[in-house]
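Working notes for the structure below.
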Amino acid sequence: MLLSYLAPLPLMMVGLSRGTGAALVAGLAATAAVALAAGGISPLPYVVTAVLPSLVVVRQALLWRSNADGSVEWYPPGLVLGWLTGLSVLLIMVGALLVPDRSDSGEAMGLEAWVGDVIARTLGVLAPNLKGEERQTFLGWWVPLFPAMVAGSWLMMTVINAVVAQGLLTRLGHNRRPRPTYRELELPTVLALMLAASLGVGFVAEGDLRYLARNVAVVTLIPFVLLGLAGMHGWVARRPNARMLLVVTYGVLFLASAWAIIPMAGLGVARFLTRFRRPTDSGGGKEE
């Protein structure tokens, strides 16, 4: 199960070392292998979770341009993250379009109600002995933000695999681009606009539109969480005994679990806003 989260890693390593064409060939070969081994519609989830994000990461990450002074400027990691965030939002929208507007009994059913019904049925199969109150508590946690959980997991696994792939290739000496300085991450303005718009719609709209907007807002907040982590990492890295401090800091964040997202997101938003008060270069394309 855990290895499934690393499905994009080989494709990204091939692409980031050999190029987009090689990543495409590797993706097609892997998809064919999955189809032969599992059959049915099994290649579709693999394409969505492994091939598609790998191609996006490789294609965007290997873009570069020459500056007037002859130096090379690589595509900023923040813009790659922006593409991935937009793609995760698109996946939510496509999923919403595929949801039937009526239940099996023919009654009209909204998107949130449909998600709740599916999760409730799944619980009935996986945990038939779950008590009524416990079931309602579980549904209360999962149903409101289930699309964001799925899309957010997709986004985070893509980011983690991309960072690991680039790091491994750099260590092995097979990387095409230098390793980015992630602590100097900068986000594109469009992500802030998406976050503001989705929050606004989520507060004023009703029904399915409200449900979708709130889930989109949660997914769009993830890059700002990463921006906050990058800022924290940069601050800690300049302190004495930086490695020990980083271990302690990430340990505390791990123990805090989901509660750590709130301050990290706040730090990321603050860092994004304060960038307009200081001189910057072309944005987040700095390399080590």
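The numbers here are math on the coordinates, done by the rules we state, and not lab data. Computed from a predicted structure; not experimentally measured. No Cβ is skipped: glycine too gets one built from the backbone with ideal geometry, and neighbour counts run over all protein chains shown.
Applying the criteria of a DSSP loop state and at most 14 other Cβ atoms within 10 Å to the trypsin sites (Lys or Arg not before Pro) of region 63-135 yields Lys131.
Counting helices only, and only those DSSP H runs with n ≥ 4, report the 222 nm mean residue ellipticity of the chain as the sum of -39,500 (n - 2.57) divided by its residues, in deg cm²/dmol to the nearest 500.
Working: 12 runs with 196 residues, N = 288.
It lands at -22500 deg cm²/dmol.
Only Lys, Arg, Asp and Glu carry charge here, each on its Cβ (+1 for the first two, -1 for the last two); on that basis the chain has a dipole of about 1080 debye about its Cα centre. Note on region 1-133: dipole from Cβ charges, positive end direction compared against Val51, Ser88, Trp114; the farthest Cα belongs to Val51.
Computed from Cα positions, the angle between helix 20-38 and the longest principal axis of the chain comes to roughly 30 degrees. The string of couplings for region 169-180 from the Karplus curve (6.51, -1.76, 1.60, θ = phi - 60°) is 5, 5, 5, 7, x, 10, 7, 7, 10, x, 6, x Hz, one whole number per residue in order, with x for Gly and Pro. If one takes the longest principal axis of the Cα atoms in the chain, at what angle in degrees, from 0 to 90 and to the nearest 10, does the Cα axis of helix 77-98 lie? Its long axis makes an angle of about 20 degrees. Contact order, relative form, for region 76-277: 24 percent (alpha carbon pairs under 8 Å, 6 or more residues apart, mean separation divided by residue count).
Projecting the Cα atoms of Pro77, Met244, Leu185 onto the charge dipole of the chain, computed from C-beta unit charges around the Cα centre, puts Met244 farthest toward the positive end. Annotation: the residues Asp117, Asp69, Asp101, sorted from fewest to most other C-beta atoms within 10 Å of their own C-beta, follow the order Asp69, Asp101, Asp117. Between the helical axis of 261-274 and the longest alpha-carbon principal axis of the chain there is an angle of about 50 degrees. What residues of region 46-70 lie in the reach of a label at Leu90, counting those whose backbone N is under 13 Å from a point 7 Å from the Cα along Cα→Cβ? Counting only backbone N, you get 48, 52-57, 60.
Residues of region 222-244 with amide nitrogen under 11 Å from the 7 Å Cα-to-Cβ point of Leu273? Backbone N within reach: none found.
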